[in-house]
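All remarks here apply to the structure that follows.
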Amino acid sequence: MTKNASSRKLSVIEPQRESHQVKNSAAGDSPLKSLNRQFDLAADIVGLEPDLRELLKAPYRELHVQIPVKMDSGRLEIFHGYRIQHNAVRGPYKGGIRYHQDVDRDEVLALATLMSWKTAVVDIPFGGAKGGVCVDPQKLSKRELQALTRGFISKIDLIIGPHRDIPAPDVNTDEKIMAWMMDEYGKKHGYCPGIVTGKPVALGGSLGRKEATGRGVVFTIVEAAKHLKLELKNATAVVQGFGNVGSHAALFLHELGVKVIGVTDVSGGFYDKKGLNIPELIEHSTKYKTLSGYVKADSLSNDEALRTACDILVPAALGGVFTAEVAREVECKLIAEGANNPSTVEADEIFEKKGILVIPDILCNAGGVTVSYFEWAQNLQQYRWDVDKVNEELEKIMTRAFSEVHKIATEKKISLRTAAFVLAIERCATATRLRVL
Ligand code: NAD
C-alpha cells in the first residue's frame with residue numbers, strides 16, 4: 001500500500017479514474033467497486049428497481065481542493081483535499097476526515113458511500129460523506145498541521161454546515177484538529193459547535209465520544225458471541241491497529257475478561273499467549289505515540305497478527321487488509337470490523353466457507369457516528385448528557401441494530417454483511433421514494 005506521497009501531492013487527479021488500483025482486492029477491484037459489488041448483491045435480494053439502484057450508488061457532490069501551506073522551511077507546499085457527499089436522503093451528510101498519504105478520490109468516495117449505509121443500519125438521522133487530505137501528518141509540525149486544517153476547512157466551508165454536512169475525526173485526525181475546524185468555520189459563521197463532532201468536551205464534545213467506536217465494536221462482539229455460544233471470559237483476541245478504535249476495543253475486551261493476546265500498530269506490535277497488559281500498552285502508546293519500545297512481550301508483525309490463531313480478530317487500522325490470500329490463512333471464529341472496508345469480496349467468500357462470522361464495518365464500527373449523533377443533538381439543544389446516558393443509549397442502538405441485521409441474515413440465509421446492506425438499502429430506498437419519486 002506504499003505510494004510516493006511527495007510525487008502525488010502535486011499531481012492533478014482525474015475525477016473518474018480508478019485510482020491506485022489494487023488497494024482493496026486481490027482480484028483488482030478498487031474499494032468502491034468492491035463496495036458496490038456488496039451493494040448489488042443486497043439490491044438483488046431486495047429487488048431494488050434499476051433507477052433507484054443507480055441513484056443510491058452515485059455520489060451527490062464531490063469537491064476536490066488544493067490547500068497551499070507555507071511550510072516552516074519557507075517553501076509553499078500544495079496539498080490535495082476532498083470532501084465527497086454521497087447521500088443525504090435520511091439527514092445531513094455525516095462522515096470523518098482522514099489525513100493520510102494514501103488518501104485519494106476513490107478511497108474517499110468509497111468511505112463516503114459506506115457512511116450512507118452505516119448511518120442507515122443504525123437508523124440515525126444522517127446521510128453519508130467523507131473527507132480526506134493526502135498528507136503524512138507525522139511529517140508536519142504542529143503549526144503546519146494547524147495551517148493545513150484551517151486551509152482545508154476554508155476551502156470546503158461552502159458545502160458543510162450543521163444542517164448540511166458535519167465532519168468528524170478519522171485516521172490521523174483527533175479532537176484537537178476538530179477544535180481547529182470548529183474555530184475556522186466559526187470565523188465566517190459565528191459560534192457553531194454543531195459543525196463538527198468528536199470535539200474536546202470543553203468545546204461541546206460529548207462525553208464518551210472518544211471511546212464510542214471501540215465500545216460499539218465490543219457491544220457487537222458481545223451480541224455475536226451469544227449466537228456463537230462463545231464464552232468471552234476464556235476467549236482470545238487479536239487487534240490490528242492501536243489508535244482510537246483499536247486501543248479502546250482492546251481495552252473493553254480486556255475489561256470483559258477476554259485475553260487480548262496480540263496488538264499491533266503501524267510500527268508492528270506484541271504477542272503474549274497469556275494475554276497482554278492492555279492498560280499498560282495504552283499508557284505506553286499514549287506517552288510515546290507508538291507501541292514500539294514496549295519490552296514486556298514478544299514482538300508481532302502486522303502480517304502475523306492477522307494470521308494469529310484466536311477466537312476474535314479485530315482489524316482496526318486501514319482498509320483492504322483481508323485480501324483472498326490473507327483470508328485463507330485467518331484462524332478465528334469471529335471477525336469484528338473496527339476498520340472501514342477491511343475485507344474484499346473474495347475474502348468475505350472465504351470467511352463464509354470457513355465458517356467465520358464477520359460483523360461488517362457498517363454495523364460493527366457504527367458506535368462512533370452514533371455518539372457523534374448524540375454530540376450533534378446536544379449541541380443543537382445546548383444541553384449536555386452525562387456519560388452513563390451516552391453509553392446506555394449507545395448500547396441500545398448497537399444491540400438493536402445487531403439484532404435487526406441478525407434477524408434478516410437468519411431469515412434470508414445470508415451473511416451479516418449482506419443483511420446489513422439489505423437493511424440500509426431498504427431504509428434509504430423508502431426515504432428516497434417518499435422524498436423524490
Ligand atoms: P487512528 O489514526 O486513531 O489509528 C489508526 C491505527 O492504525 C494506528 O494505531 C496506526 O499506527 C495503525 N496503522 C496505520 N497504518 C497501519 C498499517 N499499515 N498497518 C497496521 N497498522 C496501521 O485511527 P482510528 O480512528 O482508530 O481509525 C481506525 C480505523 O477505524 C479506520 O479504518 C477508520 O476509518 C475506522 N473508523 C474510525 C472511527 C472513529 O470514530 N475514529 C469510526 C469508524 C471507523
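Distances longer than 20 Å among the Cα atoms of region 319-397: what percent of all pairs is that?
45 percent
When each pair of different Cα atoms in region 88-170 is counted once in the 1/r mean, what is the Kirkwood radius in angstroms, to one decimal?
13.3 Å
According to the Kirkwood expression over distinct Cα-Cα pairs, how big is the hydrodynamic radius of the chain, in Å?
21.7 Å
What is the chain's relative contact order, in percent, from Cα pairs under 8 angstrom and six or more apart in sequence?
Reported as a whole number, the value is 17 percent.
Projected onto the charge dipole of the chain (+1 at Lys/Arg Cβ, -1 at Asp/Glu Cβ, origin at the Cα centre), which of C134, P193, L306 gives the Cα projection farthest towards the positive end?
Toward the positive end, the furthest listed residue is P193.
So what's Rg/Rh here for region 357-437, counting alpha carbon atoms and using the Kirkwood radius for Rh?
Using only Cα positions, Rg/Rh for region 357-437 is 1.06.
Tell me the Rg and the Dmax, in Å, that the Cα atoms of region 60-203 produce.
Cα only, region 60-203: 14.4, 48 Å (Rg, Dmax).
What translational diffusion coefficient, to the nearest whole µm²/s, does region 284-437 have by Stokes-Einstein, given a Kirkwood radius computed over alpha-carbon pairs, a temperature of 4 °C and 1.567 mPa s viscosity?
72 µm²/s
Determine the sum of side-chain charges near A88: Lys and Arg each +1, Asp and Glu each -1, restricted to other residues whose C-beta is under 11 angstrom from that of A88.
+4
Under unit Cβ charges (Lys, Arg +1; Asp, Glu -1), what dipole magnitude, rounded to 20 debye, does the chain have relative to its Cα centre?
Dipole size: approximately 780 debye.
Suppose every K and R has +1 on its Cβ and every D and E has -1 on its Cβ; what is the size of the dipole of region 60-203 about the Cα centre, in Debye to the nearest 20?
Dipole magnitude for region 60-203 comes out near 360 debye.
Could you please rank W180, W376, placing first whichever residue has the fewest other Cβ atoms within 10 Å of its Cβ?
Final ranking by Cβ density, sparse to dense: W180, W376.
What FRET efficiency, computed as 1/(1 + (r/R0)^6) with R0 = 22 Å and r the Cβ-Cβ distance, is obtained for K412 and R37, rounded to the nearest 0.05?
The computed FRET efficiency comes out at 0.75.
Looking at Q381, L32, V171, which one has the Cα that reaches farthest to the positive end of the dipole of the chain (charges on Cβ: Lys, Arg +1; Asp, Glu -1)?
Farthest towards the positive end: Q381.
Compute the relative contact order of region 60-203 as a whole-number percentage, counting only Cα pairs closer than 8 Å that sit 6 or more residues apart in sequence.
Across region 60-203, relative contact order equals 25 percent.
Charges on Cβ only, +1 for Lys and Arg, -1 for Asp and Glu, centred on the Cα centroid of the chain; of I160, A58, G214, which one is farthest towards the dipole's positive end?
After comparing all options, I get I160.
We did not get these values from a lab; they are worked out from the coordinates using the rules stated. No experiment lies behind these values; they were computed from the predicted model shown. Cβ sites come from the backbone with ideal geometry, for glycine too, and all protein chains shown count toward neighbours.
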